[in-house]
2 protein chains.
Amino acid sequence: MTDPARGTTQRNGTTSPRYGNRPTMKDVAARAGVGLKTVSRVVNSEPGVTPDTERRVQEAITALGFRRNDSARILRKGRTASIGLVLEDLADPFYGPLSRAVEEVARDHGALLINGSSAEDPAREQELVLALCARRVDGLVVIPAGDDHRYLEPEISAGVATVFVDRPAGRIDCDAVLSDSFGGARDAVAHLIAHGHRRIGFIGDQPRIHTAIERLGGYRAAMNDAALPVDEAWMSLGATDPSRVLAAAETMLSGPEPVTALFAGNNRVTVTAVRVLAAQPGRAALVGFDDFELADLLSPGVTVVAQDAAQLGRTAATMLFRRLEGAGEEPRQVVLPTRLISRGSGEIRPAHWS
Amino acid sequence: MTDPARGTTQRNGTTSPRYGNRPTMKDVAARAGVGLKTVSRVVNSEPGVTPDTERRVQEAITALGFRRNDSARILRKGRTASIGLVLEDLADPFYGPLSRAVEEVARDHGALLINGSSAEDPAREQELVLALCARRVDGLVVIPAGDDHRYLEPEISAGVATVFVDRPAGRIDCDAVLSDSFGGARDAVAHLIAHGHRRIGFIGDQPRIHTAIERLGGYRAAMNDAALPVDEAWMSLGATDPSRVLAAAETMLSGPEPVTALFAGNNRVTVTAVRVLAAQPGRAALVGFDDFELADLLSPGVTVVAQDAAQLGRTAATMLFRRLEGAGEEPRQVVLPTRLISRGSGEIRPAHWS
DNA sequence: CCCGGATTTGACAACGTTGTCCAGAGGCTA
DNA sequence: TAGCCTCTGGACAACGTTGTCAAATCCGGG
């Protein structure tokens, strides 16, 4: 036995398929009584094969249950027709539609999608990205967890098309598709101010994350535009697990001068905030970043700054394939607008996003 | 030029990396002044290399930006360390956690996950599955759209470990992990009957889909157990897009003898039903199959039959890897229980699932 | 009936890696 | 110092496919 990783018995010259030892073009060729290359031609629908020969080959393929081994094909051709998507957590309702949109664009280009969750851990992000590069994916869509992506430089200059989404790349110059976090946050807080709120709290993601900082900036800008003071105690950045958010919200909502409104920095924070406020007697107002299902059916409805996750994914994937098709332009940054969907009580209820 | 698919210029004997023409172990070996196999040994941390030699190789690897080509490795070793997951729609909140759970188990086994959405189209399911087989994934987790999977027979007997989830395979004998749709549905409807309802409507997925039939069966069983008559007009199976569900619900809720309660066959139906009922003056009761975020904060809270999507995925992936590790047992079918979470007004509100 | 050109076919190398196996260097014992 | 053993390193084939190129075959026209 020459290779213990393969089937139970070594090849013995017959063409019968064996468990774990799939038939190859060579087997098909032998069975059809033709040359190896002729099988390849039939499999790839290349011209120059007589109908009679083709029939014989097709019969052999069916009889043996042959299926082309794409690993070998990929090795030979140099393109894998697959792209990688690294995001934070596939289970998060924000990333599902994004992922699906990327997949749809990939499909239009005949590519498969390899998916990985970084769990917001920079080391795991890097590990995943490099594993994908070793697989020689043609391109990468990355929602970064870390803030230093110099490790990607050799890959990119070796031709791996790369687009960052939701957050820009750190310390390298690279394509990116972002939402207007700053503008969206400013709109959200301005909305609260317009409704008479003066003491407004912001609960956001960890300060390591770009969008968290941008949204905090938008919050500050809106308060500043309205000449309102900002108390340090009104701003809380950190993990988005329910316990942390709950604690932060309760602190802001208690004390001698509690906030009268909360601005939640992303969908997970918003959901926890909804729960906290539902349990409070004198309900504070709430605006959340990211829309979510049934937000309009809660009472009161939750006003949100909506970003179109699917559009983010679609745009990124489209940029990626354009780059793969050869355009060697400078890296671009695309910023998509957000949309304030007002659902405060007494206001009209617009249709749910999408 | 021997191969136009590769870089802009043919290899010329130097070892410098070139755009689209990555360095190989051969290049590293030349630069480090060692043999090819020695580089392989260093890359794979195999024993039998002196520290000095190893250092020289490592330097060459770094200098050239070498990264092992896993396509070649896969071809040689016969295992891809990747599994495929074919589901209906990654954007559906039911599949996100499931997918994540599969990924997590795969990760524990050092495997990557290739993801594809069938869009509930049997042809697309087959196309995806076969594309994954051509990539020689080690295993497949399939949420089937079609009902005839004989096309998978050659693949399975060639060693592709396959587990079906949520719905059983059609016309082949194969591992499957299911939720107790029948029992869950019966519990749901029994719950409504216990609360005094006599005319109960069921809106479910297309009759082609196994779970839809099972849940309809559970509905019938519960009605039958209570000796209640069932009107044909109370049962509607079909696509789960909002317009169809809306029409079905409105028909059931109108007329001389409207239903007083609805049982929704899955999460998408439930969401639409919530909207319909919210717009109705005399609110009918609602129980839904599948739990959803914030179901408890709607008023009234929505009682659901919860299935643990993550647990489905985890179980399936675990079975898959066990099979890969060699156990050649008979195909097994695992049925996971569902859990009725009662949230009707006036009742206690248990914590949200998970 | 034979020649020229077009068409069909197959032998062979290459893609980049890993498994096998052998050669050479170095150390130890007798 | 011969003989043996261990350790390190490298040559080579193989994985299954596709691109190149040349050989074989066929056809019609002169």
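The values are calculated or read from the model by the stated rules, or taken from the named source; none is laboratory data. Note that the structure is predicted; figures quoted are calculated from it, not measured. Heads up, the Cβs are rebuilt from the backbone with ideal geometry, glycines too, and the neighbour counts pull from every protein chain shown. Just the protein is used for accessible areas: all its heavy atoms, side chains included, with ligands, DNA and RNA removed. Shrake-Rupley method; radii C 1.70, N 1.55, O 1.52, S 1.80 Å.
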* Asked: Taking the Cα-to-Cβ direction at B:Ala123 and at B:Lys37 and moving 7 Å from each Cα, how far apart do the two end points lie in nm?
  -> 5.2
* Asked: In degrees, nearest 10, range 0 to 90: what is the angle between the Cα axis of helix A:242-253 and the longest Cα principal axis of chain A?
  -> 20
* **Between helix A:95-108 and chain A: long-axis angle, C-alpha atoms, 0 to 90°, nearest 10** => 30
* Accessible-area order (highest first, 1.4 angstrom probe) of the listed residues A:His109, A:His197 -> A:His109, A:His197
* Structure fact -> GNM on chain B, Cα springs under 10 Å; top mean-square fluctuation among B:Phe66, B:Phe202, B:Phe321 goes to B:Phe66
* Structure fact -> In the range B:118-207, the trypsin sites (Lys or Arg not before Pro) that sit in a DSSP loop and have at most 15 other Cβ atoms within 10 Å of their own Cβ are B:Arg171, B:Arg198
* Assign one of three labels to the range B:93-150, namely rounded, prolate or oblate, based on the Cα gyration tensor with a ≥ b ≥ c the square roots of its eigenvalues; rounded applies when a/c is under 1.5, prolate when it is not and a/b is larger than b/c, and oblate otherwise. => oblate
* Lys/Arg Cβ at +1, Asp/Glu Cβ at -1, dipole of the range A:124-167 taken about the Cα centre: which of A:Ala158, A:Ala134, A:Gly146 is farthest positive-ward? -> A:Ala134
* Asked: For B:Lys77, which lysines qualify as cross-link partners when the Cα separation must be under 16 Å and same-chain residues fewer than eight apart are set aside?
  -> B:Lys37
* Asked: Which one of B:Leu324, B:Val334, B:Ala30 is farthest out on the positive end of the charge dipole of chain B, using unit charges on Cβ (Lys, Arg +1; Asp, Glu -1) and the Cα centre as origin?
  -> B:Ala30
* Asked: Roughly how big is the range B:181-307's charge dipole about its Cα centre, with Cβ charges of +1 (Lys, Arg) and -1 (Asp, Glu), in debye to the nearest 20?
  -> 160
* Quick one: dipole size for the protein assembly as shown, taken about the Cα centre, charges +1 on Lys/Arg Cβ and -1 on Asp/Glu Cβ, in debye to the nearest 20. => 2520
* **Within chain A: Cβ-based charge dipole about Cα centre, in debye rounded to nearest 20 (Lys, Arg +1; Asp, Glu -1)** => 1700
* Could you state how much accessible area B:Val105 has, in square angstrom rounded to the nearest 10, with a 1.4 Å probe and all protein chains kept in place? => 10
* Structure fact -> At the level of C-alpha centres, the distance separating the range A:51-66 and the range B:264-302, in angstrom, is 55
* Taking amide H positions as placed 1.01 Å from N in the peptide plane, with prolines and chain starts having none, which residues 5 or more places from A:Leu237, or on another chain, fall under 5 Å of its amide H? -> A:Gly204
* To do: Just subtract the alpha-carbon distance of B:Ala233 and B:Glu293 from 0.36 nm times their residue separation and send over the number in nm, one decimal.
  => 18.6 nm
* Structure fact -> Hydrodynamic calc, the protein assembly as shown: Kirkwood Rh from Cα pairs, then Stokes-Einstein at 20 °C with viscosity 1.002 mPa s, so D in µm² s⁻¹ is 76
* Take the alpha-carbon centre of the range B:213-238, take the same for the range B:306-321, and report the distance between them in whole Å. => 29
* Structure fact -> In terms of the charge dipole of the protein assembly as shown, which places +1 on Lys and Arg and -1 on Asp and Glu at the beta carbon, the residue among B:Ile172, A:Leu312, B:Val102 farthest towards the positive end is B:Ile172
* To do: Treat each spin label as a single point 7 Å out from the Cα along the C-beta direction, and report the A:Ser254 to B:Lys77 distance in nm.
  => 5.4
* Asked: Which angle between 0 and 90 degrees, to the nearest 10, do you get for helix A:122-134 versus the longest principal axis of chain A when only C-alpha atoms count?
  -> 20
* Asked: Got a sec? What order do A:Ser71, B:Ser243 fall in by accessible area at 1.4 Å, biggest, i.e. largest, first?
  -> B:Ser243, A:Ser71
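Would you mind telling me the share, in percent, of accessible area of the protein assembly as shown contributed by carbon and sulfur at probe 1.4 angstrom?
Carbon with sulfur: 52 percent of the solvent-accessible area.
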* To do: Per DSSP H run of n ≥ 4, the term is -39500 (n - 2.57); total these for the protein assembly as shown, divide by its residue number, and report the mean residue ellipticity at 222 nm rounded to 500 deg cm²/dmol.
  => -12500 deg cm²/dmol
